[in-house]
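What follows is a single structure, written as structure tokens, with notes after it.
The values are calculated or read from the model by the stated rules, or taken from the named source; none is laboratory data. Predicted model, so just to flag it, every value in this text is computed and none were measured. All Cβ positions, even for glycine, are placed from backbone atoms using ideal geometry, and neighbour counts span all protein chains on display.
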Amino acid sequence: MTDSIYFAPLLPWQQSLWSQMTERVLTPPHNLPHALLAAGMAGMGKRAFVWRFVAWLLCHQQASHRQGACGHCESCQWLKSGTHPSLQVLPLTSMPLDAEHDNVQEGSKSHHKKSNSSSKPAKSASKTLVTIKVDDIRALQPFIHQGGQGVRICVLDYAEQMTVAAANALLKTLEEPQAQVHLFLLSDTPSKLLPTIKSRVQQLPLQHIEPSIAADYVQQALGSTINREAVSPDKIQQLLQLANGAPLAAIALAKADWYSNRALWLTTWQALRSGKRSSLAASDYWQQQLTLSDFIKLTELMLLDIRRINMGLASIQNDTELPKALAQRKPTEMSMQTLVDSLQQIKISLQQNVQEKFAYDKLMQALVML
């Protein structure tokens with residue numbers, strides 16, 4: 001097993017916050033907030049920070065290991081085995097198991113290219129979010145109120161997935177803090193959290209990353225080449241712009257199979273709109289290349305740039321011929337909105353176990369009209 005995310009190196013843009021947080025724990029009056037919220041877009045490293053900090057808070061050697069949990073004490077061994085008695089996680093599927101966990105959690109999902117020998121598309125690697133229900137919150141209460149057991153930590157991942165009843169049940173815990181109990185809420189979309197929840201937690205300042213630090217980190221992570229292409233400063237900036245400045249998301253984007261298929265997507269779209277290729281033929285071809293989930297991501301990315309160009313803005317993707325293709329004929333706003341609506345409908349249908357082939361066919365038909 002690889003080293004756990006609990007003991008992974010600190011991300012460079014989080015050093016200042018780490019120092020502040022550890023100082024609050026080690027220096028009297030030891031005023032670490034009862035409840036903390038790590039929120040913001042996926043790919044900023046908020047989960048990496050929280051899990052690392054959780055490990056350090058529980059570590060028996062924290063005073064002599066200020067830069068992170070020791071990795072050797074009894075507490076650290078419990079974390080590695082996933083059986084720590086002082087840690088509760090909701091949903092349970094968010095419990096870290098190894099170093100790959102952060103990639104899954106921060107929007108850096110792995111993307112597997114399908115084998116041509118497979119008769120059925122591989123399932124998407126994206127994580128299915130689990131709703132946090134009121135009974136889940138109630139089940140935490142004995143753990144929170146047991147007392148006399150040292151530091152206890154509850155982590156609520158995807159906190160925006162709480163039902164209203166669950167959020168209201170959590171409010172009581174937030175309003176009546178227990179000694180040595182710390183709650184960490186994680187959210188990619190904090191706007192969905194109840195205002196009453198957000199008002200009772202202290203948000204960790206994890207959103208701002210200096211562009212130069214982000215670019216250096218992405219460059220180091222990707223190396224000199226990826227997919228047989230040189231990783232230039234311009235490519236790094238393009239990746240970061242597409243990822244809204246989130247370094248981990250930019251790295252995942254560069255490594256995703258679907259991202260390297262952008263030129264092929266453009267060729268397919270041009271062939272569809274000119275009538276040189278049928279939607280069914282295109283669907284059959286792409287089903288052997290990418291899962292529908294990945295093709296949707298690819299389509300959404302291309303549509304983002306198509307809309308920019310239609311509005312008279314510069315294309316973000318300087319390594320495609322999208323501007324040239326649109327110079328000949330631009331899609332209407334109505335056709336673009338129709339495609340957006342189709343994408344949303346297809347996403348919903350996939351959650352209802354509709355066969356991918358039918359959904360793929362429908363998406364290709366929608367592309368013909370773009």
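Numbers for the structure displayed
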| quantity | calculated |
| --- | --- |
| Residue under evaluation ASN244, criteria (1) assigned to a loop (DSSP other than H, G, I, E, B); (2) touching a residue at least 40 places away in the same chain (Cβ under 8 Å); (3) crowded, with 16+ Cβ neighbours inside 10 Å, criterion not met | (3) |
| Yes/no for ILE316 being in a helix (DSSP H, G or I) and not charged (D, E, K, R) | no |
| Residue that is surrounded by the most Cβ atoms within 10 Å (Cβ to Cβ), among those in segment 138-160 that are without any contact (Cβ under 8 Å) to a residue 40 or more places away in the chain and assigned to a helix (DSSP H, G or I) | GLU160 |
| Residue satisfying condition, being touching a Phe, Trp or Tyr at 6+ places or on another chain (Cβ under 8 Å) and free of Cβ contacts under 8 Å to residues at least 24 places away in the same chain, within set HIS65, HIS72, HIS84 | HIS65 |
| Search result, residues across segment 20-50 that are part of a helix (DSSP H, G or I), touching a residue at least 24 places away in the same chain (Cβ under 8 Å) and closer than 18 Å to PRO205 by Cβ | MET21, THR22, VAL25, LYS46, ARG47, ALA48, PHE49, VAL50 |
| Meets criteria (touching a Pro at 6+ places or on another chain (Cβ under 6 Å) and either touching a residue at least 60 places away in the same chain (Cβ under 8 Å) or closer than 30 Å to GLN141 by Cβ (or both)) for GLN202 | yes |
| Selection status of PRO331, in contact (Cβ under 8 Å) with a residue 24 or more places away in the chain, more than 27 Å from the chain's Cα centre (by Cα) and not assigned by TED's automatic domain parsing to the domain that holds ARG228 | yes |
